[in-house]
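Just below is one structure, and these are the notes that go with it.
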Amino acid sequence: MTREEALDSVKDNVENKNLVKHMLATEAIMCALARCLSEDEEEWGITGLLHDIDVELTDGDMNSHSKLGADLARELGASETMAHAILCHNEAHDVPLETNLDKALFCADPLTGLITAAALVRPDKKLVGVEARSVRKRFKEKSFAAGVNREQISRCREIGLELDEFIELGLAAMKGIADDLGL
Ligand SMILES: [Fe+2]
């Protein structure tokens, strides 16, 4: 499966533009993580791009979310490693994180939300002026973007990144596609 085929499939299955943007942001962070860790950038990027492909199809049912996503990814030609990462990013299944790809997707997913929220509170609602240290401050403010799971983001340490490094990498990755994100 090519990246374009993955994106087409995401657009076929997801109407909500913000959800598509979330998957693009996750893809960008996953590509940056793969570069940083000398992993397969295409594999990691496509995994990020596809990870929530089933959110509308499963309609809030956390018991099927990400199981269906993993199946759809397999049908598109994703490897078992990619399908596993998609499956276990939803904690409801209690599938342990095993590979670096599993762990990377797990911590990248919520980081997109924190960074997006940090941009949206600015007067221009853009990423360009957002600094890593302000995202770090927001991270500590529990009431800010309260739905973002900080503990999940902190698990970047399991792939060898300190939180500050991870925030910096994620912010730079999302700034790189700011136009696509509308931020
Ligand atoms: Fe997600």
**Request:** Residue by residue through region 152-183, note down the ones that are within 23 Å of E91 (Cβ to Cβ) and among the β-branched types (V, I, T).
**Result:** I153, I159, I167
**Request:** Look at F139 and say whether it is away from the ligand (no atom under 15 Å from the Cβ), within 19 Å of the chain's Cα centre (by Cα) and open to solvent by less than 40 Å² (accessible area, probe 1.4 Å).
**Result:** yes
**Asked** Condition test on S66, is it at pLDDT 95 or above and on the phi > 0 side of the Ramachandran plot?
**Response** yes
**Prompt:** How many residues are among the small types (G, A, S), in a loop (DSSP other than H, G, I, E, B) and open to solvent by less than 30 Å² (accessible area, probe 1.4 Å) if we restrict to region 49-77?
**Reply:** 1
**Asked** Before we move on, is D8 modelled with pLDDT under 95 and acidic (D, E)?
**Response** no
**Prompt:** What pairs come up if the first residue lies in region 2-17 and is under 10 Å from I53 (Cα atoms), the second is open to solvent by less than 80 Å² (accessible area, probe 1.4 Å) and not in a loop (DSSP other than H, G, I, E, B), and their beta carbons are under 6 Å apart, counting only those six or more places apart or on different chains?
**Reply:** A6/I46; A6/L49; A6/L50; S9/L76; V10/M23; V14/V20; V14/E56
**Request:** Identify the single condition in (1) within 16 Å of the ligand (Cβ to nearest atom); (2) out of contact with any Ser or Thr (no Cβ under 6 Å at 6 or more places or on another chain); (3) open to solvent by less than 70 Å² (accessible area, probe 1.4 Å); (4) not β-branched (V, I, T) that L171 does not satisfy, given that it satisfies every other one.
**Result:** (1)
**Request:** Could you list all residues from region 11-40 that are open to solvent by less than 20 Å² (accessible area, probe 1.4 Å) and part of a loop (DSSP other than H, G, I, E, B)?
**Result:** V14
**Request:** Quickly run through region 92-125 and pick out the residues that are of a type in the set (S, T, N, Q) and crowded, with 24+ Cβ neighbours inside 10 Å.
**Result:** T112
**Prompt:** From the list A117, A146, which residue is of a type outside the set (K, R) and within 15 Å of the ligand (Cβ to nearest atom)?
**Reply:** A117
**Prompt:** Could you say whether any residue in region 10-28 is within 12 Å of the ligand (Cβ to nearest atom) and basic (K, R)?
**Reply:** yes
**Request:** State all residues of region 40-67 that are away from the ligand (no atom under 14 Å from the Cβ) and free of Cβ contacts under 8 Å to residues at least 12 places away in the same chain; if no residue qualifies, say none.
**Result:** D40, E41, D59, D61, S64
**Asked** How do the pairs read when you match residues in region 75-101 that are acidic (D, E) with residues anywhere that are assigned to a helix (DSSP H, G or I), using Cβ under 6 Å and keeping only pairs 6 or more apart or on different chains?
**Response** none
**Complete:** Those residues of region 78-89 that are open to solvent by less than 10 Å² (accessible area, probe 1.4 Å) and within 14 Å of the ligand (Cβ to nearest atom) come to a total of 3
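The values are calculated or read from the model by the stated rules, or taken from the named source; none is laboratory data. Please read all numbers here as calculations on a predicted model, not as lab measurements. Reconstructed Cβ throughout: ideal geometry from the backbone, glycine too, with neighbour counts over all protein chains shown. Remember, those area values only see protein heavy atoms, side chains included, never the ligands or the DNA or RNA. Shrake-Rupley method; radii C 1.70, N 1.55, O 1.52, S 1.80 Å.
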